[in-house]
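What follows is one structure encoded as structure tokens, with my remarks underneath.
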Amino acid sequence: MRLKLVFRLKSKEIPKDYRRIFMSFIKKSLESYDENVFGEYFRNKDPILKDYTFSVYFGKCSFEENIKIENENISMFLSTSSYKTGIHFYNAFINMKYKEFPIKNNVLKLNNIIKLPEKNVYKNEIIIKTLSPIIIREHNKEEDRYYYFDEENAIDILKNNIKYQYNKLFKSENGELDIKVLDFKKTTILNYNKKIKSNLGILKIQGDKKILDFVYKSGIGSKRSSGFGMVDII
């Protein structure tokens, strides 16, 4: 399921570390809707692998100390491979319509929810473009390491990341996966006041149709549920 949420800001300015605002909105929506459902996705200090991703679109804007947008409307796009998650989120967002959601020096209000059509994966190959940056993270006990696409081992780490997520969520093995970077741009994003390497661009991915469908609908890479790795098929 793919949703578009249209918000209005009280003032035309939002912090650069804006993804955490929308994560808070998602949490508040689920918690207000059903505490048991909220518990399926969030537990204190107990990470739960999520089956959704999101991206935020500002329209014309400028990046200064904060992000300044030309009008008050901004959109959040949310995508999930799970019909159950999609229904829970849709119902939770319906309950938040027209309610003011305070953020730092501003107010966010959800005015509209639109269910978007999804594309079908017919072949064992897709070409995707990023709607939010892809994070490649190598997780270890000492310190996480982040990669750009052109760094050594980056693509192998990304492949392993996708396979791990798919196997964990669906309890299913999958075959070989091939990823080719057709075009990309290095970018550094701010996430909880920490600067992280990330990637924008176009990728060709070959593999089982089920895992390609998962990549398209639930995102690719690390921190997908934090607003990273959302893609579209082109």
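The values are calculated or read from the model by the stated rules, or taken from the named source; none is laboratory data. Only a predicted model underlies this, so the values are computations on that prediction, with no experimental measurement involved. Cβ placement follows ideal geometry from the backbone for every residue including glycine, while neighbour counts extend to all protein chains displayed. When the accessible area is computed, the model is the full protein with side chains, heavy atoms only, and any ligands, DNA or RNA have been set aside. Shrake-Rupley method; radii C 1.70, N 1.55, O 1.52, S 1.80 Å.
Kindly indicate the residue of segment 49-68 that is polar (S, T, N, Q) and not in a loop (DSSP other than H, G, I, E, B) and also farthest from residue 19 (Cα to Cα) among those meeting that condition. In this case the residue turns out to be 62. Can you give me the number of residues within segment 197-214 that are part of a strand (DSSP E or B) and either hydroxyl-bearing (Ser, Thr, Tyr) or at pLDDT below 95 (or both)? So the answer is 1. Is there a residue in segment 47-55 that is surrounded by 17 or more Cβ atoms within 10 Å (Cβ to Cβ) and without any contact (Cβ under 8 Å) to a residue 60 or more places away in the chain? No, there is no match, as no residue in segment 47-55 is surrounded by 17 or more Cβ atoms within 10 Å (Cβ to Cβ) and without any contact (Cβ under 8 Å) to a residue 60 or more places away in the chain. Can you confirm whether segment 35-42 contains a residue that is of a type outside the set (Ser, Thr, Tyr), in contact with a helix residue (DSSP H, G or I) (Cβ under 6 Å, 6 or more places away or on another chain), in contact (Cβ under 8 Å) with a residue 24 or more places away in the chain and exposed (fewer than 14 other Cβ atoms within 10 Å of the Cβ)? Within segment 35-42 (the criterion being of a type outside the set (Ser, Thr, Tyr), in contact with a helix residue (DSSP H, G or I) (Cβ under 6 Å, 6 or more places away or on another chain), in contact (Cβ under 8 Å) with a residue 24 or more places away in the chain and exposed (fewer than 14 other Cβ atoms within 10 Å of the Cβ)), the answer is no, since none of the residues qualifies. Looking at segment 11-24, I want the residues that are under 14 Å from residue 64 (Cβ atoms) and have a partner that is surrounded by fewer than 16 Cβ atoms within 10 Å (Cβ to Cβ) and of a type in the set (D, E, K, R) with Cβ atoms under 7 Å, at least 6 apart or on another chain. Which pairs are those? Within 7 Å, the pairs are 12/68; 12/72; 13/68; 15/104. So is residue 200 in contact (Cβ under 8 Å) with a residue 40 or more places away in the chain and either within 23 Å of residue 120 (Cβ to Cβ) or out of contact with any Ser or Thr (no Cβ under 8 Å at 6 or more places or on another chain) (or both) or not? Against the criterion (in contact (Cβ under 8 Å) with a residue 40 or more places away in the chain and either within 23 Å of residue 120 (Cβ to Cβ) or out of contact with any Ser or Thr (no Cβ under 8 Å at 6 or more places or on another chain) (or both)), residue 200 does not qualify.
Listed here are the residues, each with its yes/no results for (1) open to solvent by 50 Å² or more (accessible area, probe 1.4 Å); (2) touching a residue at least 60 places away in the same chain (Cβ under 8 Å); (3) on the phi > 0 side of the Ramachandran plot.
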position: 183; (1), (2), (3): yes, no, no
position: 186; (1), (2), (3): yes, no, no
position: 204; (1), (2), (3): yes, yes, no
position: 209; (1), (2), (3): yes, yes, no
position: 212; (1), (2), (3): no, yes, no
position: 216; (1), (2), (3): no, yes, no
position: 223; (1), (2), (3): yes, yes, yes
position: 230; (1), (2), (3): no, yes, no
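Could you tell me which residue of segment 123-178 is farthest from residue 205 (Cα to Cα), considering only residues that are surrounded by 14 or more Cβ atoms within 10 Å (Cβ to Cβ) and at pLDDT below 90? Restricting to residues being surrounded by 14 or more Cβ atoms within 10 Å (Cβ to Cβ) and at pLDDT below 90, the top hit is 170.
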